Amino acid sequence: MTAYDDDYAEVIARSTEAGVKTIFTIGIDLESSRAAAKLAAHHENIYATVGIHPHHAREAGAEAYAALAQLASQPKVIGYGEIGIDLFKDYAPVDIQTKVFKEQLALAKELELPVIIHDRDAHDSIVRILQESGPYPAGGVIHCFSGDREVARQFLDLGFHLSIPGVVTFKKAFELQEAAAHIPLDRMLVETDGPFLAPEPWRGKRNEPAYTLFTAEKIAQLKGISLDEVARQTTNNIAALFKIKVVEK
């Protein structure tokens, strides 16, 4: 995203220094999907996903889908998304969001790629559509998970992984903290949602991959386990779900 235009090389370097071995850069429309694929192609430890975010649902159609499918053939493109429904912001009518979401779920299955799901204030709709459109042999992840324990259970029952953002470190994020404490570690991922949702102590600042450390530390605290265990298992989860080899250096 444009928030990293001036210093993305430094952002990548800081992530490496913090122990972050692998970064995903996420497509949210055709232009950003192309940029993500290009960035990933030039960095060994960066992978890309492609897709049309619900905010950009009006831009979807046969031509865009064909272009995304072509991008998906590149070896560093390892997932489809972020796709879904967003009822918090009114950037696209919900009927268009829903139609485009269903179309992209079908395309992701055709491409045999894991899906990255955007769910903002749309838990019931997302669960229903995933139930109707499943199963998903390649699996997927509920990006930036924001639900409670019951919502977590519904997504887990559908076979999805749940990705925990920096919000879990916020003092009043009680529901998310409770959910994170009970989500099985072998079904959990950690993420930034950069440049948004920086964890404490960086809340309100631009988020970046290095800060996943603080999210992982909070999860370790909530579960009463070591940071190393959280890091090891969530890394293994990513490698298995997206079929990648994590860079060890």
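Annotations for the structure displayed:
- Taking the listed residues Ser125, Ser133, Ser73, the one that is closer than 21 Å to Arg187 by Cβ, surrounded by fewer than 21 Cβ atoms within 10 Å (Cβ to Cβ) and of a type in the set (S, T, N, Q) is Ser133, with no other qualifying.
- Region 211-235, residues that are over 23 Å from Ala13 (Cβ atoms), in a helix (DSSP H, G or I) and touching a helix residue (DSSP H, G or I) at 6+ places or on another chain (Cβ under 8 Å): Lys218, Ile219, Ala220, Leu222, Lys223, Glu229, Val230, Gln233
- So Glu103, is it of a type in the set (Asp, Glu), surrounded by 14 or more Cβ atoms within 10 Å (Cβ to Cβ) and at negative phi: yes
- Considering residues of region 10-27 that are in contact with a Leu (Cβ under 8 Å, 6 or more places away or on another chain) and closer than 19 Å to Thr49 by Cα only, the residue surrounded by the most Cβ atoms within 10 Å (Cβ to Cβ): Gly27
- Subset of region 24-49 (residues that are in contact with a Gly (Cβ under 9 Å, 6 or more places away or on another chain) and either without any contact (Cβ under 8 Å) to a residue 12 or more places away in the chain or in a loop (DSSP other than H, G, I, E, B) (or both)): Gly27, Ile28, Asp29, Ala35
- Looking across region 64-80, not a single residue is more than 23 Å from His161 (Cα to Cα) and in contact (Cβ under 8 Å) with a residue 60 or more places away in the chain.
- Residues of region 200-249 satisfying the condition of being under 18 Å from the mean Cα position of the chain (by Cα) and polar (S, T, N, Q): Asn207, Thr212, Thr215, Gln233, Thr234, Thr235, Asn236, Asn237
We did not get these values from a lab; they are worked out from the coordinates using the rules stated. Predicted model, so just to flag it, every value in this text is computed and none were measured. Please note: Cβ atoms are built from the backbone with ideal geometry, for glycine as well, and neighbour counts cover all protein chains shown.
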